[in-house]
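The values are calculated or read from the model by the stated rules, or taken from the named source; none is laboratory data. Keep in mind that what you see is a predicted model, and the values were worked out from it rather than measured. Positions of Cβ are backbone-derived with ideal geometry, glycine not excepted, and every protein chain shown enters the neighbour counts.
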Amino acid sequence: MHISEGILSAPVLATGAALAAAGISVGLKKMDYQKIPQVAVLSSAFFVASLVHVPIGPSSVHLIINGINGLLLGWLCFPSILVALTLQAILFQFGGITVLGVNTVNMALPGVICYYLFGRLVNRETRLVSLIAAFSCGFFAVLFSSILVALSLLFTEESFISAVTVILLAQLPVMIIEGVITLFCVAFLKRVKPEVFGGIYGKGS
């Protein structure tokens, strides 16, 4: 869901840059040396996953994995996703430099939201509750990103309504796929390294 250069209006770009700067500042304040490898790994995963994309108008359809990114990193997903988007813009011209702030917010903010919505549920000892929360996290992270992309376009020009409709419909299968991927990632990590979640959210009930 990279929004390309030359699409958005100046006020939308400025707002996106300001929100991204705020999110990155919070993320960097919460980062310590022990978290750097984890941030780097998830940034790399985001970079690779979103390289495979199908262009649709001013945006594109691709895996985002911002749900699992948010679950594991919280606010740190802002700097994690920023690094990946910057490299994609420079190396492959995906998105662009001027839209870097908006694209970062559109993908990182849903991860943070899902961190607060589903983090403690994912950490529950009840397996069914944990897996349902994991699927919901992946699903809603993409849904929220799609809505933010739609709002970015609509606040630029109302004539983008047809493009917005196509984008939202095209993301439906991606939401389901991301939900399944997040579910399996959580199930695997809780089996081999459960402290990854316990360290972030505390003991589940």
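Which of the residues spanning segment 161-188 are closer than 17 Å to G70 by Cβ and free of Cβ contacts under 8 Å to residues at least 24 places away in the same chain?
F184
Does segment 135-149 contain at least one residue that is modelled with pLDDT of 85 or more, closer than 14 Å to I68 by Cα and more than 14 Å from the chain's Cα centre (by Cα)?
The answer is yes; a qualifying residue exists.
Against the condition among the hydrophobic types (A, V, I, L, M, F, W, C) and touching a Gly at 6+ places or on another chain (Cβ under 7 Å), how does A141 come out, does it pass?
Criteria met by A141.
Report, by residue number, each residue of segment 162-186 that is farther than 19 Å from L42 by Cα, of a type in the set (S, T, N, Q) and either within 14 Å of the chain's Cα centre (by Cα) or surrounded by 14 or more Cβ atoms within 10 Å (Cβ to Cβ) (or both).
Result: Q171, single match.
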